[in-house]
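For reference, the structure is listed below as structure tokens.
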Amino acid sequence: MIFLTTLFNGIAYGFLLFIMAVGLSVTMGMMRFVNLAHVSLCMLGGYVLITAMGRFGLPFLWTLPVVFVATALFSIVLERLVLRFFYGTDDLTQVLLTIGLVYMSVSTVAYFWGPEFKPVSVPDFLTGQQPVLGLMLERYRLFLVAVGVVLTVAILFGVERTRFGAMVRACVDNRRAASGSGLNTSVVFALTFAIGGGLAGLGGALSASLLGLDPNFPFRYLVYMLIVVSVGGMGTIVGTLLAALAIGIADVASKYYVPAAGGSIIYIVTVGVMLWRPQGLLGRKVGHA
């Protein structure tokens, strides 16, 4: 029973990591842009949540679409005003730029919202435990799994079954060929960045009550998101999902069964996967910019 409960908690955590990291995976696979500031969008989503709930009195569930739209719009502004001017630059330049944006976001959040942890209240029907097949599972984690499944299906359907998804796949496979065939890759990039940023903000909002929210949030979870993207493979949604679930389960299980090892298990798993498949579990070769 304990094993199954731990497994479920790891799956719930994995879906949370997937929601936060999938946008980073797609944009890195499409644009070849190392955007470490993606994790700051997760933090922004959490602070939009507490502001909407605390200042405007919106219920928890109603704030989630607000968070998605707000962080998506902010992502477009960030991409148009800053990031697009650094497409095609070397990796070191992109890392220095976006890590600088991370530090700026941390300072900005600390200035406007304060340095302390911000509590997040969830509705009563999402608190406590729920019996499921003889297991006592946390209702909020059940909610996270349900949201994760719905978003996964929606993302896969959007990428595989829509015209915009076809354009995204074309840009991921070969950006230069897609541009040469008449696609406005600039618009595709901006919209994809917005959707990825919106998902990041949504993931940050959903994680706030579970992982805690304070200005140091980006520093705690940046490595996790990079691990998910690296293990899954850039530009692949299914790979990102599998990696997120694997990392989530490994992290929760290791902290429960071998707490003395801390989070080192996930780094061992990451090194093993990278030695076996440097491009990630389902990584693909992408075209040059």
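The values are calculated or read from the model by the stated rules, or taken from the named source; none is laboratory data. Quick caveat: nothing in here was measured; it's all calculated off a predicted structure. Ideal geometry is used to build each Cβ from the backbone, glycine not excepted, and the neighbour counts take in all protein chains shown.
Among the residues examined, residue 95 qualifies as over 19 Å from residue 48 (Cα atoms), among the hydrophobic types (A, V, I, L, M, F, W, C) and in contact (Cβ under 8 Å) with a residue 12 or more places away in the chain.
In the condition set (1) under 13 Å from the mean Cα position of the chain (by Cα); (2) at pLDDT below 90; (3) of a type outside the set (Asp, Glu), residue 245 is compliant with all but (2). The residues in the range 222-266 that are among the hydroxyl-bearing types (Ser, Thr, Tyr) and within 17 Å of residue 277 (Cα to Cα) can be counted, and the count is 3.
So that you can scan it fast, the table gives a plain yes or no per residue for (1) aliphatic (A, V, I, L, M); (2) farther than 25 Å from residue 144 by Cβ; (3) modelled with pLDDT of 95 or more:
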| site | (1), (2), (3) |
| --- | --- |
| 24 | yes, no, no |
| 40 | no, no, yes |
| 45 | no, no, yes |
| 66 | yes, no, yes |
| 76 | yes, yes, no |
| 87 | no, yes, no |
| 90 | no, yes, no |
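Among the residues of the range 1-26, the one identified as hydroxyl-bearing (Ser, Thr, Tyr) and either in contact with a Ser or Thr (Cβ under 6 Å, 6 or more places away or on another chain) or not in a helix (DSSP H, G or I) (or both) is 25. Just for the range 180-218: of the residues that are buried (at least 17 other Cβ atoms within 10 Å of the Cβ) and of a type in the set (Ser, Thr, Tyr), which one is nearest to residue 128 (Cα to Cα)? Among them, the one singled out is 209.
Of 112, 56, all but one fail to be surrounded by fewer than 24 Cβ atoms within 10 Å (Cβ to Cβ), among the aromatic types (Phe, Trp, Tyr) and in a helix (DSSP H, G or I); the exception is 112. Filter the range 209-242 down to residues that are at pLDDT 90 or above and outside any helix (DSSP H, G or I) and give me whichever is farthest from residue 48 (Cα to Cα). If we take residues in the range 209-242 being at pLDDT 90 or above and outside any helix (DSSP H, G or I), then 216 is farthest from residue 48 (Cα to Cα). Taking each residue of the range 112-135 that is within 16 Å of residue 8 (Cβ to Cβ) and touching a residue at least 12 places away in the same chain (Cβ under 8 Å) and looking for partners that are surrounded by fewer than 11 Cβ atoms within 10 Å (Cβ to Cβ) and of a type in the set (A, V, I, L, M) with beta-carbon atoms closer than 9 Å, six or more apart or interchain, yields 134/1; 135/1.
Residue 182 falls short on exactly one of the conditions (1) free of Cβ contacts under 8 Å to residues at least 24 places away in the same chain; (2) out of contact with any Asp or Glu (no Cβ under 9 Å at 6 or more places or on another chain); (3) in a helix (DSSP H, G or I), and that condition is (3).
When residue 142 is tested against (1) part of a helix (DSSP H, G or I); (2) at positive phi, exactly one condition is not met: (2). Residue 36 meets the stated requirement of being under 12 Å from the mean Cα position of the chain (by Cα), outside any helix (DSSP H, G or I) and at negative phi.
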